[in-house]
Amino acid sequence: MAVSPQALPLSGVTVVSLEQAVAAPFATRQLADLGARVIKVERPGGGDFARRYDTTVHGESSYFVWLNRSKESLTLDLKSERGRQVLEQLLAQADVFVQNLAPGATARLGFGTDSLAERFPSLIPCSVSGYGTTGPWADRKAYDLLVQCQTGLVSLTGSPDEPARVGISIADIAAGMYAYSGILTALLTRATTGTVRAVEVSLFEALAEWMSQPAYYARFSGTQPQRVGTQHATIAPYGAFTCADGKDVLLSVQNEREWAALCERFLDAPGLADDPRFATGAARVAHREELNAIVAERFAESDSAEVMKVLDETGIANAGVNDIEDFLAHPVLAGRERWRDVRIPSGAMVPALLPPADLTGSTPRMDAVPAAGEHTERILTELGYSRDDIATLRADHLV
């Protein structure tokens with residue numbers, strides 16, 4: 001059931017977004033979840049290229065379905081003067097303008113941050129870029145995996161023999177989260193002080209923040225954490241081991257109390273707790289291979305259900321290493337009723353997860369994913385365009 005935007009925290013806030021791919025759409029979808037009206041401006045003749053990343057969700061892109069529910073889609077040719085005039089009218093009524101086009105593209109269209117501040121002093125602009133809008137790499141294109149490489153994340157991920165990308169668009173997601181929180185902060189600042197602040201987020205700097213712990217470790221130890229697969233680079237024992245039934249289970253020992261309990265109640269070797277090779281966290285990491293061999297031998301004696309049962313009874317954090325099918329059927333998602341059905345352009349209903357931040361007394365909006373240009377006529381009508389005007393724009397392929 002659709003939720004009335006009037007019941008939501010961002011009711012009355014209008015966001016106009018020149019967005020594509022992942023980072024900016026993730027930020028604006030979260031604003032839409034909270035009740036903001038998000039008008040997504042797309043190219044005529046296809047729209048956001050993320051619509052064509054794949055066709056797995058009843059003919060729709062899995063990325064697009066995830067990132068674009070509860071939005072309105074307006075197609076608009078911004079290379080034309082008439083198209084830019086429409087955008088100008090939209091921004092005159094908007095609270096927030098979000099863009100993540102190619103470097104410099106928005107400024108060339110006449111909608112750069114400084115220009116907007118002069119024409120629309122109450123508008124909050126948010127720019128999502130690859131490496132920032134200034135500096136030596138301001139004009140460089142950036143995609144998620146490129147940023148994973150540039151921040152050193154890929155060098156930390158994978159097995160000792162081979163680095164690997166993180167399996168989700170983590171740089172885009174990080175940037176989208178900071179854009180979202182930055183916009184909320186700017187809206188609060190405008191509401192409480194009247195001051196309008198522009199928001200700028202780069203994929204590189206967002207992921208750089210998330211790389212701070214290994215950066216500190218490398219800077220002050222003289223060596224970076226090693227790639228150790230599902231093991232933890234700086235804590236042991238902390239990683240996945242294979243049980244007798246072939247399923248991997250990950251355990252995590254965080255302190256000396258847990259280490260002593262693991263030795264006594266799971267490994268059945270209480271004297272191991274004081275073995276000089278394993279008596280401290282640093283020693284356990286230094287002798288990881290010997291320690292892992294002992295733990296692996298114990299895991300191989302029991303099936304995964306028994307291993308997890310004993311670890312639970314011992315007070316040791318553990319988890320089966322799930323695949324996506326296991327995740328989709330996870331008892332926490334079902335038990336906490338986190339799934340909702342959302343309509344997609346084909347007309348099919350697909351399950352979508354509720355946003356992770358629950359606000360007491362407020363139910364997030366989970367409306368349909370729009371078809372490209374689905375709301376063009378309605379939005380133009382609101383702006384005062386007649387049916388003949390709209391027909392002319394369509395005939396000229398400007399919407």
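The values are calculated or read from the model by the stated rules, or taken from the named source; none is laboratory data. Treat the numbers as computed from the prediction; the structure is a model and nothing was measured. Methodologically, a virtual Cβ is constructed for each residue, glycine included, from the backbone with ideal geometry; neighbour enumeration extends over all protein chains shown.
Side notes on the structure shown:
- Matching residues, the stretch 352-376, being modelled with pLDDT of 95 or more, among the β-branched types (V, I, T) and over 20 Å from the mean Cα position of the chain (by Cα): T376
- The residue that is nearest to T151 (Cα to Cα), counting only those in the stretch 233-259 that are touching a Pro at 6+ places or on another chain (Cβ under 9 Å) and free of Cβ contacts under 8 Å to residues at least 60 places away in the same chain, is T234.
- Matching helices (runs of 4 or more DSSP H) fully within the stretch 234-318 where at least 1 residues are among the basic types (K, R) and within 28 Å of G222 (Cβ to Cβ): 281-286, 288-299
- Which listed residue is loosely packed, with under 12 Cβ neighbours inside 10 Å and either of a type in the set (K, R) or assigned by TED's automatic domain parsing to the domain that holds V57 (or both), from A334, A357: A357
- Some residue of the stretch 278-287 being surrounded by 12 or more Cβ atoms within 10 Å (Cβ to Cβ), closer than 19 Å to D245 by Cβ and in the same structural domain as A260 (by TED's automatic domain parsing): no
- The set of residues in the stretch 55-105 that are in a loop (DSSP other than H, G, I, E, B), aliphatic (A, V, I, L, M) and in contact (Cβ under 8 Å) with a residue 60 or more places away in the chain comprises L76, L78, A94, L101.
- D139 being acidic (D, E), out of contact with any Phe, Trp or Tyr (no Cβ under 7 Å at 6 or more places or on another chain) and modelled with pLDDT of 95 or more: no
- Flag for D33 being surrounded by 22 or more Cβ atoms within 10 Å (Cβ to Cβ), modelled with pLDDT under 95 and in the same structural domain as S169 (by TED's automatic domain parsing): no
- Residue count for the stretch 354-384, restricted to those that are closer than 21 Å to L18 by Cα and in a loop (DSSP other than H, G, I, E, B): 10.
- A50 being among the small types (G, A, S) and part of a helix (DSSP H, G or I): yes
- Checklist (1) within 20 Å of G320 (Cβ to Cβ); (2) aromatic (F, W, Y); (3) surrounded by fewer than 17 Cβ atoms within 10 Å (Cβ to Cβ) applied to F241, failing item: (3)
- Take the conditions (1) under 30 Å from T230 (Cα atoms); (2) of a type in the set (S, T, N, Q); (3) over 24 Å from the mean Cα position of the chain (by Cα); T151 misses just one of them, which is (3).
- Of A27, A36, all but one fail to be within 24 Å of G130 (Cα to Cα) and in contact (Cβ under 8 Å) with a residue 12 or more places away in the chain; the exception is A27.
- Conditions (1) within 22 Å of A171 (Cα to Cα); (2) buried (at least 21 other Cβ atoms within 10 Å of the Cβ); number of the one not met by T75: (1)
- Considering residues of the stretch 154-180 that are small (G, A, S) and more than 18 Å from the chain's Cα centre (by Cα) only, the residue farthest from V201 (Cα to Cα): S159
- Selection within the stretch 341-353 - part of a loop (DSSP other than H, G, I, E, B) and without any contact (Cβ under 8 Å) to a residue 24 or more places away in the chain: G347
- Where helices (runs of 4 or more DSSP H) fall entirely within the stretch 146-224, those with at least 3 residues that are closer than 26 Å to N68 by Cα, touching a residue at least 24 places away in the same chain (Cβ under 8 Å) and not hydroxyl-bearing (S, T, Y) are at 170-193, 203-210.
- Here E88 meets each of (1) more than 28 Å from the chain's Cα centre (by Cα); (2) within 30 Å of S346 (Cα to Cα) with one exception, condition (2).
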